[in-house]
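Below is one structure, written out as structure tokens; the observations come after it.
The values are calculated or read from the model by the stated rules, or taken from the named source; none is laboratory data. None of these values were measured; they are calculated from a predicted model. All Cβ positions, even for glycine, are placed from backbone atoms using ideal geometry, and neighbour counts span all protein chains on display. Note: accessible area is taken over every heavy atom of the protein model, side chains too, but ligands, DNA and RNA are not part of it. Shrake-Rupley method; radii C 1.70, N 1.55, O 1.52, S 1.80 Å.
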Amino acid sequence: MKCKQLLVKGKAKSVYSTDVKDTLIIEFRDDITAFDGGKKDILSNKGNYNAEVSAFFFQYLGRNGVRTHFSTMLDPHHMVVRKLEMIPLEVIVRNIAAGSLVRNYPFREGTLLDPPLIVIDYKDDTRHDPMLNDEIIIALKLATPAELKKIKKMALEVNRLLGALLAAQGITLVDFKIEFGRRGKMVYLGDEISMDSMRLWDKTTGESLDKDVYRFEKGDVMAIYQKVAERITAPIKDLI
Ligand code: ATP
Ligand code: TYD
């Protein structure tokens with residue numbers, strides 16, 4: 001299979017059509033951005049680490065009953081996926097208060113959120129991804145009530161599964177963002193799940209193991225991404 005036509009060039013990934021029906025190739029590029037694109041760099045091999053971790057998570061979730069777009073890896077930075085009609089929602093699940101939740105609301109960083117919070121933003125860069133509520137999502141017809149219910153259920157299931165997998169590797173799943181798409185009446189998990197889209201803390205040291213290292217210049221981003229990718233994808237017998 002080969003990339004045919006560039007369909008979308010996003011901030012960190014490019015999406016290509018292929019010669020196979022309903023099948024796309026996502027290229028995980030080495031671009032990294034933060035603060036609404038205000039900070040940008042190219043970090044050699046970043047795409048590979050994110051693709052490797054995403055593929056690992058999609059396969060693990062798929063084996064555990066979550067419907068995902070993942071098909072296979074063509075090479076370390078090209079993922080073959082099922083084409084979805086993307087739903088323009090950034091679905092964020094939070095287990096521990098951090099990031100914008102702490103900046104915008106009177107939560108203390110590190111507070112356990114039990115049950116986890118689901119926050120949904122509108123995926124629209126021109127509007128700086130404003131936060132939505134269920135009524136706005138339905139009124140804008142971004143998703144049907146049934147899709148929204150399914151999305152929230154899937155998001156919590158992804159959180160449960162990833163939280164358990166990461167905990168077994170000594171990593172706390174603080175929060176993460178996922179995206180969904182539809183095929184007919186079916187909702188699929190799409191896009192990526194990687195160090196760029198999650199907040200991960202080392203259980204013992206509290207050290208950041210994700211894009212916060214880049215955002216706040218906490219260390220050698222690539223050395224940390226490489227170590228985390230190795231740590232996450234190390235097989236864990238009982239969980240996968
Ligand atoms: P961000 O998600 O960080 O706001 P972006 O929109 O620039 O950034 P990228 O991740 O660089 O996103 O680009 C990937 C694009 O591919 C996104 O628009 C995403 O919604 C889309 N996409 C992901 N999975 C699929 C899929 N299975 N079918 C169709 N489009 C997809
Ligand atoms: P959040 O705390 O809202 O934003 P920030 O990263 O600016 O502090 O992010 C919560 C989690 O969701 C975090 O792990 C990063 C991820 N995320 C994305 O990957 N893309 C996004 O557009 C947003 C808003 C969050």
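For the pair region 178-240 / region 82-99, the C-alpha centres are spaced 13 Å from each other.
As a size descriptor, the averaged projected area of the C-alpha convex hull of region 153-240 was calculated at 6.4 nm².
Listed by chain and number, the lysines placed with their C-alpha closer than 20 angstrom to that of Lys152 are Lys123, Lys141, Lys177, Lys185; residues fewer than eight positions away on the same chain are left out. Packing, as the average of other Cβ atoms within 10 Å across residues, places the peptides 153-160, 206-213, 142-149 in the order 206-213, 153-160, 142-149, highest first. Here's the list of lysines a cross-link from Lys40 could span, going by alpha-carbon distance under 19 Å and ignoring same-chain residues fewer than 8 apart: Lys9, Lys11, Lys13, Lys211, Lys218. Rolling a 1.4 Å probe across the protein heavy atoms gives region 96-166 an accessible surface of 62 Å² per residue.
Using only alpha carbon pairs under 8 Å that are at least six residues apart, calculate the relative contact order of region 151-197 and give it in whole percent. Each step should come with its number before you reach the end.
Values: 33 pairs, mean separation 12.8, N = 47.
Taking the mean separation of contacting Cα pairs over the length of region 151-197, I get 27 percent.
Ignoring aspartates and glutamates fewer than eight residues from Lys2 along the same chain, the ones with Cα atoms less than 18 angstrom from its Cα are Asp19, Asp22, Glu27, Asp75. Apolar share of the accessible surface for region 1-108: 49 percent from carbon plus sulfur atoms, 1.4 Å probe.
Surface composition of region 160-199: carbon plus sulfur atoms contribute 53% of the solvent-accessible area (1.4 Å probe, protein chains only, all chains present).
For the chain, would you read off the P(r) tail past 33 Å as a percentage of all alpha carbon pairs? Distances greater than 33 Å cover 12 percent of the Cα pairs. Just checking the listed ones, Asp121, Asp191, Asp220: in the Gaussian network model of the chain with Cα springs under 10 Å, the one fluctuating most is Asp220.
Defining a contact as two alpha carbons under 8 Å apart and six or more residues distant in sequence, what relative contact order in percent does the chain show?
On the way: 435 pairs, mean separation 42.8, N = 240.
The normalised contact order for the chain reaches 18 percent.
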